[in-house]
Every structure is written in structure tokens, then in C-alpha cells.
Amino acid sequence: MAIPTHELLRVTLPCDSSAPATARGAVRELEAAQTLPEDAVLIASELVSSEVLEGRSSASDTIDLVASNIPDGVRITVESGPEAGLPTPTPMILRVVRGLARRWGISHLNGRPELWAELAY
């Protein structure tokens, strides 16, 4: 059964070292408007950092950062190009995500690999 969602944010980022800071800025605006729960900035930064650090995509590729409302929370997703394999986050990134997220996962949806985490309101 699919989780009903409402997209709050979609940002296309270059898959380079500037991506985590750009992601933090975009999510910080929503967090300041109290649209996203606390820790959303950190989760978004870690998920984007994972994609950049893994090197599954080149700097000329783009990744999408998506924040969506879900029942009782928000889901933050990083989607990479269809040619990229499933992500394998570093142990440090996983430790942060596991510590903050209600749930997290790695999936392949609509032909695109994605790394996601859910935060409760």
C-alpha cells in the first residue's frame, strides 16, 4: 500500500561538494516556516552527502532532494539518476540517520534509486 504524500519541496542539485550546503539552505527555509520538523536540515544534509560521497554519480549529474508530507511526519528523499545503483551510505551517515529518523530506507522507485528517511512531527 502506497503512503499518501504531498510534496513540499523538490530541488535539483549538482552531484558535487556544493550539494549538501544547498540542500541545507532549501530545507532550512521550510524548517523556519515550521513546515518541517526539527532535524530535517541535518537529515537532508546527510542523505545528500551520502550521494555525493559515494561517487555513484559524476559531478556533471544531478540529484533531486524531495521533502513530502506523510501522515504524522515528513519524508525526505534523495533520488539519483536511473543509471546509478542503489546507494550504500557510510556507517557515520547511517548512524546519524538511524538516530534521528523514525524510519529510513533504500529503494528503487520509478526507475530511480533513492535514499529516504522519515521524521515525525
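From the set of residues in the range 1-15 that are out of contact with any Asp or Glu (no Cβ under 9 Å at 6 or more places or on another chain) and modelled with pLDDT of 90 or more, which is least open to solvent (accessible area, probe 1.4 Å)?
LEU8
How many residues does the range 66-101 contain that are within 10 Å of the chain's Cα centre (by Cα) and more than 13 Å from GLU54 (Cβ to Cβ)?
6
Would you say ALA84 is in contact with a strand residue (DSSP E or B) (Cβ under 8 Å, 6 or more places away or on another chain), at pLDDT below 85 and either within 19 Å of LEU13 (Cα to Cα) or among the charged types (D, E, K, R) (or both)? Can you show your working first?
Working: in contact with a strand residue (DSSP E or B) (Cβ under 8 Å, 6 or more places away or on another chain): yes; at pLDDT below 85: yes; either within 19 Å of LEU13 (Cα to Cα) or among the charged types (D, E, K, R) (or both): yes.
Here the answer is yes, as ALA84 does meet what is asked.
The values are calculated or read from the model by the stated rules, or taken from the named source; none is laboratory data. If you're wondering where the values come from, they're calculated on a predicted model, not measured in any experiment. Using ideal geometry, Cβ is built from the backbone for each residue, glycine included, and neighbour counts are taken over all protein chains shown. Heads up: the accessible areas ignore ligands, DNA and RNA and are worked out on the full protein's heavy atoms, side chains in. Shrake-Rupley method; radii C 1.70, N 1.55, O 1.52, S 1.80 Å.
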